[in-house]
Amino acid sequence: MVYDSFILGGSGLLGSNWLVSNRQKENLATSIHKKIIRLEKVDNFKFEAFDEKYINVLLSEIKPKKIINTIGMTNIEECEKNQEKAININVEIPKIFARICFERSIKFVHISTDQLFDGKKEIYTEDNNLSPLNFYGKTKALAEEFILKENKNALIIRTNFYCWGPAYRKSFSDFIFDALSSNKKIHLFEDVFYSPIKVKELIFIIQSLININSKGIFNVVSSERLSKYNFGMLLSDVFKFKKSLISSSLINSRLDLISRPKNMCLSNLKLLKELNIRLNSVRSNLIELKEELNSEDYLILKKL
């Protein structure tokens, strides 16, 4: 069987949303580690090893048209503690797949991060020199470098997204929603800025870039600059929660956290020019997020 897409890391936030959103549109396969994704028209493949010989054998069976790599060790503190594991997951695995995909003429899409810079600039383009502050950022920077060396046709997506996550893997917006809907107080950083995009818009844009065979690095983010506190307040407003439950805080007060940039805002001008589009506002996307509470996709996602 030939699969339209092979999603690496289908149990993660982006991977699970991709599978649920596209389960009726494409023949889908996903790699699994421990969690099996039980979805109609989605086939699971368990990786026994991440070496080139095994992967080549598996891809000869799967025959995917494109591979979307959403695998990642994203916990910044864990990356700092377990650096060898972080290198293996964040660097070595995408490097191997990039090389094999180039050899087999399979489109390779890699999901990167917005934590590649020191945060001293107000906004970062795809051409700015990388200056990560922590080991997680360093692994993602190395991955980008190796991928582009191994595969000149690869597509690298730098992003920061929000979404409904499955019950076992909650997103940042899930954290805010769950707390406020239970009348629990939360603290959000007023001095950490980013450009979040809703996951369904992110998936649509990635597919649009694939359709025109875009390659290289693209920042796929919203056109707005928000603090984590501002995002929480906006979500609270859209969902009609009590804004008084949200308190602002400063990241420097969290001495338990590994150093991370205070500004992660990325410029999406290259993307807008490439696709000749305009993106939804964060508010309109949060309204859509609220409407999805009654959708079939939401129910399926939460039952995974």
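The values are calculated or read from the model by the stated rules, or taken from the named source; none is laboratory data. None of these values were measured; they are calculated from a predicted model. All Cβ positions, glycine included, derive from the backbone under ideal geometry; neighbour counts span all protein chains shown. These area figures cover heavy atoms from the full protein model, side chains too; ligands, DNA and RNA do not enter into them. Shrake-Rupley method; radii C 1.70, N 1.55, O 1.52, S 1.80 Å.
Some observations on this one:
- A count restricted to segment 1-34 and to residues that are among the basic types (Lys, Arg), over 20 Å from residue 55 (Cβ atoms) and open to solvent by 30 Å² or more (accessible area, probe 1.4 Å) stands at 1.
- Sole exception among (1) touching a helix residue (DSSP H, G or I) at 6+ places or on another chain (Cβ under 7 Å); (2) exposed (fewer than 15 other Cβ atoms within 10 Å of the Cβ); (3) touching a residue at least 12 places away in the same chain (Cβ under 8 Å) for residue 63, by number: (1)
- Here is the figure for segment 46-57: residues that are open to solvent by 30 Å² or more (accessible area, probe 1.4 Å), modelled with pLDDT of 90 or more and touching a helix residue (DSSP H, G or I) at 6+ places or on another chain (Cβ under 7 Å) total 1.
- For segment 171-190, the candidate set comprises residues that are buried (at least 16 other Cβ atoms within 10 Å of the Cβ) and charged (D, E, K, R); within that set, the residue that is farthest from residue 115 (Cα to Cα) is 174.
- Some residue of segment 98-109 being open to solvent by 60 Å² or more (accessible area, probe 1.4 Å) and either on the phi > 0 side of the Ramachandran plot or without any contact (Cβ under 8 Å) to a residue 24 or more places away in the chain (or both): yes
- Members of segment 204-233 found to be in a helix (DSSP H, G or I), within 30 Å of residue 7 (Cβ to Cβ) and open to solvent by 20 Å² or more (accessible area, probe 1.4 Å), listed by number: 204, 207, 208, 210, 211, 228
- Within segment 176-196, residues that are acidic (Asp, Glu) have Cβ atoms under 6 Å from residues that are open to solvent by 10 Å² or more (accessible area, probe 1.4 Å) and assigned to a strand (DSSP E or B) in these pairs: 190/248, counting only partners at least 6 apart in sequence or on another chain.
- Test: residue in segment 48-55 that is closer than 20 Å to residue 163 by Cβ and β-branched (Val, Ile, Thr): no
- Failed item, numbered, when residue 10 is tested on (1) under 16 Å from the mean Cα position of the chain (by Cα); (2) in a helix (DSSP H, G or I): (2)
- The number of residues in segment 142-170 that are outside any strand (DSSP E or B), closer than 24 Å to residue 226 by Cα and open to solvent by less than 40 Å² (accessible area, probe 1.4 Å) comes to 5.
- In segment 253-284, residue most open to solvent (accessible area, probe 1.4 Å) [restricted to those that are assigned to a helix (DSSP H, G or I) and either over 25 Å from residue 180 (Cβ atoms) or of a type in the set (A, V, I, L, M, F, W, C) (or both)]: 273
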